[in-house]
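Just below is one structure, and these are the notes that go with it.
The values are calculated or read from the model by the stated rules, or taken from the named source; none is laboratory data. The model shown is predicted, which means the values in this text are computed figures rather than measured ones. All Cβ positions, glycine included, derive from the backbone under ideal geometry; neighbour counts span all protein chains shown.
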Amino acid sequence: MMFTKLLRLTLVEKEMTAKELAAKIGTTQQNLSAKMKRDNFSEKEMRQIADALGLDLEIAMKEKK
């Protein structure tokens, strides 16, 4: 699943706006929205977002089927 799709679902579950999340991670809503539109986040940014949402970030590689 793409990170942005998961992020959008999580924001709905946590009843949080992108603007509120942007403030928590120290960026602007415009910057966060642009990154979400491109689904372009660094690992560091994904960890900051997960932390701001009270979540752990797990990145895994699995054997191809």
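Scan the range 51-60 and give yes if some residue there is assigned to a helix (DSSP H, G or I) and in contact with a helix residue (DSSP H, G or I) (Cβ under 8 Å, 6 or more places away or on another chain), otherwise no. Let's see the steps before the verdict.
Filtering the range 51-60 for residues assigned to a helix (DSSP H, G or I) gives 51-52.
Those still in the list that are in contact with a helix residue (DSSP H, G or I) (Cβ under 8 Å, 6 or more places away or on another chain) too: 52.
Within the range 51-60, one or more residues are assigned to a helix (DSSP H, G or I) and in contact with a helix residue (DSSP H, G or I) (Cβ under 8 Å, 6 or more places away or on another chain).
Which is over 9 Å from the mean Cα position of the chain (by Cα) and either surrounded by 13 or more Cβ atoms within 10 Å (Cβ to Cβ) or free of Cβ contacts under 8 Å to residues at least 12 places away in the same chain (or both), of 63, 43? It would help to see each step written out before you state the result.
Working: 43 fails: either surrounded by 13 or more Cβ atoms within 10 Å (Cβ to Cβ) or free of Cβ contacts under 8 Å to residues at least 12 places away in the same chain (or both).
Checking each option against the conditions leaves just 63.
Quick one: in the range 1-32, of everything that is surrounded by 14 or more Cβ atoms within 10 Å (Cβ to Cβ) and among the polar types (S, T, N, Q), which residue is nearest to residue 55 (Cα to Cα)?
Result: 10.
Considering only the range 1-41, state which residues are part of a loop (DSSP other than H, G, I, E, B), among the polar types (S, T, N, Q) and at pLDDT 95 or above. Full working, then the answer.
Taking the range 1-41 and keeping what is part of a loop (DSSP other than H, G, I, E, B), we get 1-2, 14-17, 26-28, 39-41.
Restricting the remaining residues to those that are among the polar types (S, T, N, Q) gives 17, 27-28, 40.
17, 27, 28 - these are the residues of the range 1-41 that are part of a loop (DSSP other than H, G, I, E, B), among the polar types (S, T, N, Q) and at pLDDT 95 or above.
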